[in-house]
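Here's the structure we're looking at; comments come further down.
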Amino acid sequence: AKEIKTKLGTLLQKPDNSIDLIIPYPEKLEKKPEKIQKPSPEDALQWRESLDRMLANSYGLATFRSFLRSEFSEENIEFWVACEDFKKEKSSVKMAAKAQKIYEEFIQTEAPREVNIDYFTKDMTLRNLVALSPSTFDLAQKRIYSLMEKDSFARFLQSKQYQGLINAGGFRAASAANRIRLGKALHSATMC
C-alpha cells in the first residue's frame, strides 16, 4: 500500500519533463518458454530436403542450434535468427536498436560472436546501416545461411542428434516386430 501511495504521489506532482511521466515497468514481460513438440521420425526425415524446411520447424531449429553449439559455431544460427527477428520489426526506433546490437554482436571486427563473412559483405552491411530497412542484413545473412547449408547442415544430417530423431520410429517398429515374433514363438511353444 505504501508503494502504491508513493507512486501516486509521484504521478500527481508536476513533472519537470515528459520522461518523469514514465512509470518503471519491466521492459519485457517474461514469457513462459514455448513447449516444443518433438517431430515424428517421418517429419524429421523431411528436414533433409532443405535447411529452410528444418529452420521452419521450432524443434528443428532448436536441435540444429544445439548441434552448432557442440561444434562451437552457434553464432551462425544466432545471427540468422537475429536477422529474421530484425526483418519483422515495424518500429523504426526498435529497428535501429536491433540493428546496432546485431552489428556490434556479430558483424564488427572483434565482435563477441563475430560471424565469418568477407570484407565486401561487412562493408556493404555497414553501408546499409545508414538507411535502415528490413533488408539491411540480407547480404550477410545469405552468406551465413550458405555457409551453414553447405557445411554445418550436411554434418548435422550425419550427427547422432539427427540420426536419433529419424531412427526413433525404426526402433519402435523393430520393437513391435520383435514382440510379434516373441508372441508367435511363445504361442508355438505352448502348442507343442
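The values are calculated or read from the model by the stated rules, or taken from the named source; none is laboratory data. Computed from a predicted model, the values in this text were never measured in an experiment. For neighbour counting, all protein chains shown are included, and Cβ atoms are generated from backbone atoms with ideal geometry for every residue, glycine included.
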**Request:** Kindly indicate the residue of region 34-72 that is touching a residue at least 24 places away in the same chain (Cβ under 8 Å) and among the acidic types (Asp, Glu) and also farthest from Phe156 (Cα to Cα) among those meeting that condition.
**Result:** Glu34
**Complete:** Within region 105-121, the count of residues that are in a helix (DSSP H, G or I) and exposed (fewer than 12 other Cβ atoms within 10 Å of the Cβ) comes to 2
**Request:** Kindly indicate whether any position in region 68-76 is exposed (fewer than 10 other Cβ atoms within 10 Å of the Cβ), more than 17 Å from Phe137 (Cβ to Cβ), modelled with pLDDT under 95 and not hydrophobic (A, V, I, L, M, F, W, C).
**Result:** no
**Subset of region 32-62 (residues that are at pLDDT 90 or above, in a loop (DSSP other than H, G, I, E, B) and within 13 Å of the chain's Cα centre (by Cα))** = Ala56, Asn57
**Request:** Inspect region 138-149 for any residue being farther than 18 Å from Arg65 by Cα and either free of Cβ contacts under 8 Å to residues at least 60 places away in the same chain or assigned to a loop (DSSP other than H, G, I, E, B) (or both) and give the result as yes or no.
**Result:** yes
**Item:** Count of residues meeting criterion [closer than 23 Å to Glu89 by Cβ and out of contact with any helix residue (DSSP H, G or I) (no Cβ under 9 Å at 6 or more places or on another chain)] in region 99-128
**Value:** 3
**Residue within region 161-178 that is within 19 Å of the chain's Cα centre (by Cα) and at pLDDT 95 or above present** = yes
**Complete:** Going through region 71-105 in order, the residues found to be under 16 Å from Thr125 (Cβ atoms) and touching a Lys or Arg at 6+ places or on another chain (Cβ under 6 Å) are Glu75, Phe86, Glu105
**Asked** Can you tell me which residues in region 153-168 are surrounded by fewer than 17 Cβ atoms within 10 Å (Cβ to Cβ), touching a residue at least 60 places away in the same chain (Cβ under 8 Å) and farther than 17 Å from Asn57 by Cα?
**Response** Arg155, Asn167, Ala168
